[in-house]
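Trainee: Can you read through this structure? Questions will come right after.
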Amino acid sequence: MADTRIMNGGCMCGSVRYETSGEPFLVNHCHCQSCRKHNGAAVVTLAGFRSEQVTFKGDERSFYRSSPGANRAFCGKCGTPLTWEGVGGDLGPILEIHISTFDDPNALVPTAHAFYSEKISWFDVADRLPRYVGFVDDSRPLCHGLERKPD
């Protein structure tokens, strides 16, 4: 059976809209400094899709090249941060979409924390999800939930 899950979203002013098809390959919280700065937030939650799973409508997105091989898209009118875009290894080109821009962000439930080692010291999320030093697929979890590793 084909994966036919369709989700929609867009920026605050509605100028940039998107539609995703199929399941995301990840939904996680990211604590990296780059994501935090792009959003002005203590943590960012993203849903990852292969680029062919996402279609944009309306105005063109504006881009900022935040690091080699990575672009961050946003609405040129209202400034809403929309995506992190780059190459996802075997997945090819990927887009990680900020879940708060989905029309129904409750439909996307995070499963992990990435770049936990970069989190703001006074902030944490009270859940039992695994926390990784970097990308979720590149390492073993540091811990689960708010448990602390022994020094």
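The values are calculated or read from the model by the stated rules, or taken from the named source; none is laboratory data. Note that the coordinates shown come from a computational prediction; the quantities given were computed from them, not determined experimentally. Using ideal geometry, Cβ is built from the backbone for each residue, glycine included, and neighbour counts are taken over all protein chains shown.
Trainee: Just give me the residues in the range 28-50 being within 14 Å of T83 (Cβ to Cβ), under 12 Å from the mean Cα position of the chain (by Cα) and in a strand (DSSP E or B), in sequence order.
Mentor: C30, V44, T45, L46, A47, G48, F49
Trainee: Filter the range 111-151 for residues that are in a loop (DSSP other than H, G, I, E, B) and at pLDDT below 85 and give the result. Give the derivation first.
Mentor: Quick first cut of the range 111-151, residues in a loop (DSSP other than H, G, I, E, B) only: 111, 115, 119-129, 133-135, 139-140, 145-151.
Scanning the range 111-151 gives S139, R140, G145, L146, E147, R148, K149, P150, D151.
Trainee: To continue, here is another question. Output the number of residues of the range 55-99 satisfying the condition of being in contact with a Gly (Cβ under 9 Å, 6 or more places away or on another chain), small (G, A, S) and modelled with pLDDT of 95 or more.
Mentor: Of the residues in the range 55-99, 2 are in contact with a Gly (Cβ under 9 Å, 6 or more places away or on another chain), small (G, A, S) and modelled with pLDDT of 95 or more.
Trainee: Quick test of your reading of the structure: G76 fulfils all but one of (1) closer than 22 Å to S62 by Cβ; (2) of a type in the set (G, A, S); (3) under 16 Å from the mean Cα position of the chain (by Cα). Name the failing condition by number.
Mentor: Among (1) closer than 22 Å to S62 by Cβ; (2) of a type in the set (G, A, S); (3) under 16 Å from the mean Cα position of the chain (by Cα), G76 violates only (3).
Trainee: So, one more: Restricting attention to the range 20-68, report how many residues are among the charged types (D, E, K, R), loosely packed, with under 15 Cβ neighbours inside 10 Å, more than 30 Å from F123 (Cβ to Cβ) and in contact with a strand residue (DSSP E or B) (Cβ under 6 Å, 6 or more places away or on another chain).
Mentor: Within the range 20-68, the first condition is being among the charged types (D, E, K, R), and the residues that meet it are 23, 36-37, 50, 52, 57, 59-61, 65.
Narrowing the set further to residues that are loosely packed, with under 15 Cβ neighbours inside 10 Å leaves 23, 37, 52, 57, 60, 65.
Pick out the ones that are also more than 30 Å from F123 (Cβ to Cβ) and you get 52, 57, 60.
If we keep only those that are in contact with a strand residue (DSSP E or B) (Cβ under 6 Å, 6 or more places away or on another chain) too, we end up with 57.
The total comes to 1.
Trainee: So K57 fits all but one of (1) closer than 18 Å to E19 by Cα; (2) under 16 Å from the mean Cα position of the chain (by Cα); (3) in a strand (DSSP E or B); what number is the exception?
Mentor: (2)
Trainee: Still on this model: Tell me which strands (runs of 3 or more DSSP E) are completely within the range 60-110 and hold 3 or more residues being hydroxyl-bearing (S, T, Y) and farther than 22 Å from S15 by Cα, or say none if there are none. Walk me through how you get there before you give the answer.
Mentor: Numbers: elements: 62-67, 70-74, 81-87, 93-98.
Passing ranges: none, list empty.
Trainee: Yes or no: P81 surrounded by 12 or more Cβ atoms within 10 Å (Cβ to Cβ), under 18 Å from E23 (Cα atoms) and touching a His at 6+ places or on another chain (Cβ under 8 Å)?
Mentor: no
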